[in-house]
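Heads up: the structure comes next, in structure tokens.
Computed from the coordinates by the stated procedures, all read-outs in this text should not be read as laboratory data. The model shown is predicted, which means the values in this text are computed figures rather than measured ones. For neighbour counting, all protein chains shown are included, and Cβ atoms are generated from backbone atoms with ideal geometry for every residue, glycine included.
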Amino acid sequence: METLIPFRSLLFEEMVSTPAMRAVWSEENTVRRWMDVEAAITRSQARLGLIPGDAARVILDHLDPDGLPVADIRRKKAAHGHLMVAFLKAFRDDCGPAAEHFHVGPTTQDITDTGLVLQIREADDILGRQLVELEETLCDRALAHRDTVMMGRTHQQHAVPLTLGFTLALWAAEVRDHTTRMAEARARWAFASLGGAVGTQSAYVELAGTERTLELELEVCRGLGLARPMIALHSRTDRFVELTSNLAMLCGSLARMGMSIVGLQRSEVAEVEEPFHGDRYGSSTMPNKINPESSEQVAGLASLVRGYALSMHDVVMHDQRDSTRIPVQYTALPGSFMMTARALTTITEVVGGLVVNADRMRANLDHPHVGGQAVAERLMIHLYRKTGKRDWAHTRLHECARRCREQGRPFRDVVTTDRSLAGLISEAELDEIFDPTHYLGTAVRQVEETVRTLRATRAPGATAMRRPADGTLPRTDHRSRAV
């Protein structure tokens, strides 16, 4: 069978996903989570006396993805045109007569929506650990380069100096906000769904009565480790809209980090380099190239995730529910999680192995095309302190900077020959002012305080991602918990 790009392609899958996240969103795991939901319902129904205990034990023994190949469900889907009906009929063939007591009460969305939430929880856990890993990598590199002075830039132009550690600590704090945002959102999506046909639980009530229906619902929620909604959720997609929007925002931050690295790796700047081992190539024709392709690809992934989020925003169902959301959900959610996982992995690897050219950073502080103008703000503050005339100082130095550019002269030379500034600044003062490494404000302190705060406030038990190489997931054995 031919493989399809990108997610199941040997050529492209690692560019758009990771093994662990592909395992979460595999067809096999989708069916496995449906079985988890069906098992929780079956177990509770048997305990409450709603279905025969013997039948429940047989059902639970057969809720095994290996015993119900996805290919069987696919064949029946082609024949019957309904995915859940195909699943039920395939299970009936495997389980036998006991399956007459299977799926009594639920509708399709009870199983698929709750199963989807279980997959989202797995995926969210993976991203949570990846975020911790990225945050800690940024913290480590920020401390290592808290004193590594480089030129700060606004509008891609020289501004005033800062340190590389300051930028990395800023990114670490941003990652923490994304971690917090995603954790807060879990309270709005981590629900089980047992609403029945239109959300009124009518079939459940017909079978068990109102009180036992509510008991069944609560028991299933607890068994799956999910919350019980205050009212049925079939018609609501806002929880998934928020989720994909959060992923889009996260990827937007990762893209900006990546493109910042791309900018600093420009041949004319050359202040940092992506890790580039000896067997790696940057071009099929130009042997000299060391392109920052990994960082660039993160920006491409971010564009796709934003598109997925927009598609979730556009879902508007009629009445209590319809199928307009189905192709969107089962494309946007898996795609968003897989691409976000890849973006996080890539940025973490790039930052962890980033080559820092501190000498080049120092040289760029005095770049001849700028002529020392980066100290203009510092000089303005010095003049203000002497004269009490801030606007006057700003205007004079603005004029000096213009002459510096037009005449190609060093900024210091222009300043010292400006008659209006004569006698205001000594040569010793100019020596100090024109050393840009001494104009860092609280940059170093902010780095240290940010890292200290992030580490002190990290959630107890939060650990970095440690993935099996093949991305395999733990299996659920329902037989061990049979009634």
- prompt: Tell me which lysines have Cα within less than 25 Å of Lys76's Cα, excluding those fewer than 8 residues away on the same chain?
  reply: Lys89
statement: Residues whose modelled amide H sits under 5 Å from the amide H of Val272, counting only those 5 or more places away in sequence or on another chain, are Gln265, Asn357
query: Given H placed 1.01 Å from N in the peptide plane, which residues other than close sequence neighbours of Val160 have an amide H under 5 Å from its amide H?
result: Gly152
- request: Enter the Cα centre distance for the pair region 353-401 and region 236-272, rounded to the nearest angstrom.
  value: 30
- line: Given backbone amide H placed at 1.01 Å from N, residues whose amide H is under 5 Å from that of Ala227, ignoring those fewer than 5 places away on the same chain, are Phe191, Ala192
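Using only the Cα atoms, what convex hull volume per residue in Å³ does region 21-103 have?
Dividing the Cα hull volume of region 21-103 by its residues yields 85 Å³.
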- request: Sort 7-15, 48-56 for me by packing, meaning the mean count of neighbouring Cβ atoms within 10 Å per residue, highest on top.
  value: 48-56, 7-15
- prompt: Among 321-329, 345-353, what's the highest-first ranking by average C-beta atoms within 10 angstrom per residue?
  reply: 345-353, 321-329
- prompt: Which ³J(HN,Hα) values, rounded to whole Hz and listed in residue order, are derived for region 417-432 from phi using the Karplus coefficients 6.51, -1.76 and 1.60 in 6.51 cos²θ - 1.76 cosθ + 1.60 with θ = phi - 60°, glycine and proline given as x?
  reply: 9, 7, 4, 5, 9, 4, x, 8, 9, 7, 4, 5, 5, 5, 4, 6
- request: Give, as a single signed number, the net charge of other residues whose beta carbon lies under 12 Å from the beta carbon of His398, with Lys and Arg counted +1 and Asp and Glu -1.
  value: 0
- line: Once the in-chain neighbours fewer than 8 apart are removed, the lysines whose Cα is under 16 Å from Lys389 read none
- line: With x for Gly and Pro, the residue-by-residue ³J(HN,Hα) of region 45-54, computed from phi through the Karplus equation 6.51 cos²θ - 1.76 cosθ + 1.60 at θ = phi - 60° and given in whole Hz, is 4, 5, 4, 7, x, 8, 9, x, x, 4
statement: Going fewest to most other Cβ atoms within 10 Å around each Cβ, Cys400, Cys95, Cys251 line up as Cys95, Cys400, Cys251
- request: Treating the angle as unsigned and between 0 and 90°, give the value, to the nearest 10°, between the Cα long axis of helix 164-189 and the longest Cα principal axis of the chain.
  value: 20
- prompt: Over all distinct Cα pairs, what is the inverse of the mean 1/r for region 298-364, reported as the Kirkwood hydrodynamic radius in Å?
  reply: 14.6
- request: Report the trypsin sites (Lys or Arg not before Pro) located in region 389-452 that are in a DSSP loop and have at most 16 other Cβ atoms inside 10 Å of their Cβ, or state none.
  value: Lys389
query: Whole-Hz Karplus ³J(HN,Hα) for region 257-266, in order, using 6.51 cos²θ - 1.76 cosθ + 1.60 and θ = phi - 60°, x for Gly and Pro?
result: 4, x, 6, 5, 5, 4, x, 6, 8, 3
Descending principal axes extents, region 232-295, alpha-carbon based, whole Å: 60, 24, 17
